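Visitor: The structure is given below, and queries will be raised subsequently.
The values are calculated or read from the model by the stated rules, or taken from the named source; none is laboratory data. Keep in mind it's a predicted model, so treat the numbers as computed, not measured. Heads up, the Cβs are rebuilt from the backbone with ideal geometry, glycines too, and the neighbour counts pull from every protein chain shown. Please note that ligands, DNA and RNA were not included when accessible areas were found on the heavy atoms of the full protein model with its side chains. Shrake-Rupley method; radii C 1.70, N 1.55, O 1.52, S 1.80 Å.
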Amino acid sequence: MLTIALPTGRVFSEAAELLAAAGLPASSLASPGRKLVFEEENFRYILAKPSDVPLYVSYGTADLAFAGGDVLQESALPLVELLDTGRGRCSVVVAGPAPLAERFRGHVSERMWLKVATKYPRIADNHFSSKGAQVDIIHLHGSIELAPKLGLSDCILDIVQTGSTLKANHLEVLEHVSDVSLRLVASKKSVALRWNEIRAVSRAIRRCGEVLP
Ligand code: PRP
């Protein structure tokens, strides 16, 4: 039995669609309801919170997983990245109210001690440190755009896909940090012990990724 972890939320259907198109027995993922574990033939699928997916792979609970580049970077776990599916594309950005843009255009000292709300404290720390700016990172778990709106932070570091959440909350992109997409990853142990099965799945997904629109 090969166990594959899928992130719930915005990229779940993309991952499920890739598995089905790759020819894996994954029909149960078309309408998962509230169930979190599915078994079809010799595959088990587990549905986990996106930020927890790397952990399931790292502990060997899952052999393979789909995870966003943002989540992988934040987890900093030593997983094996097999494939960039090119799906679920979005960007990690620093965003804030328009008047803050001037401080981002100016010298780095203008950004010192900004309060930055984020779901990604490690990425935020790396990003601002690499620019030489010491900031105050506020770790939240969702609805990040609330923080500058209510004065909890000056700005946010978050993912942007359509941009509609930023727009609805009167925030704008101040700095681009990185581009993100959905990756197929495996645990080191599974790669060592089950390479043939893992390679077959990875190749099937790569092939259908090239064909799907
Ligand atoms: C993410 C992100 C933004 C939003 C961006 O949140 O944190 O809030 O999506 O998407 P957009 O650019 O298409 O508007 P998500 O929907 O995953 O929910 P969360 O705030 O509960 O984490």
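Visitor: Every residue in the range 61-95 that is within 23 Å of R203 (Cα to Cα), open to solvent by 40 Å² or more (accessible area, probe 1.4 Å) and in a loop (DSSP other than H, G, I, E, B), please.
Guide: T61, P78, R89
Visitor: For the range 150-169, enumerate the residues that are more than 9 Å from the ligand (Cβ to nearest atom) and in contact with a Pro (Cβ under 7 Å, 6 or more places away or on another chain).
Guide: D154, C155
Visitor: Being at pLDDT 95 or above, closer than 27 Å to M112 by Cβ and hydroxyl-bearing (S, T, Y) is true for just one of S164, S178. Which residue is that?
Guide: Within the list S164, S178, the selection yields S178.
Visitor: Continuing with this model, one more query. State all residues of the range 89-131 that are among the small types (G, A, S) and touching a residue at least 60 places away in the same chain (Cβ under 8 Å); if no residue qualifies, say none. Walk me through it before giving the result.
Guide: Applying the first criterion (among the small types (G, A, S)) to the range 89-131 yields 91, 95-96, 98, 101, 106, 109, 117, 124, 129-130.
S91, A95, G96, A98, A101, listed by residue number.
Visitor: Let me ask you something else. Take the residues of the range 73-107 that are touching a Lys or Arg at 6+ places or on another chain (Cβ under 8 Å) and of a type in the set (V, I, T): which is nearest to the ligand (Cβ to nearest atom)?
Guide: T85
Visitor: Consider the range 106-141. How many of its residues are in a loop (DSSP other than H, G, I, E, B) and within 16 Å of the chain's Cα centre (by Cα)? Give the derivation first.
Guide: In the first step, residues of the range 106-141 are kept if they are in a loop (DSSP other than H, G, I, E, B); the result is 106-107, 112-114, 119-120, 131-135, 140-141.
After this cut, where a residue has to be within 16 Å of the chain's Cα centre (by Cα) as well, the list is 119-120, 140-141.
Total satisfying the criteria: 4.
Visitor: From the list A117, A147, pick out the single residue that is in contact with a Leu (Cβ under 6 Å, 6 or more places away or on another chain), within 16 Å of the ligand (Cβ to nearest atom) and open to solvent by less than 90 Å² (accessible area, probe 1.4 Å). Write out each step before concluding.
Guide: Details: A147 fails: in contact with a Leu (Cβ under 6 Å, 6 or more places away or on another chain).
Of the residues listed, the single one that is in contact with a Leu (Cβ under 6 Å, 6 or more places away or on another chain), within 16 Å of the ligand (Cβ to nearest atom) and open to solvent by less than 90 Å² (accessible area, probe 1.4 Å) is A117.
Visitor: How many residues are within 12 Å of I4 (Cα to Cα) and not in a loop (DSSP other than H, G, I, E, B) when one looks only at the range 16-28?
Guide: 2
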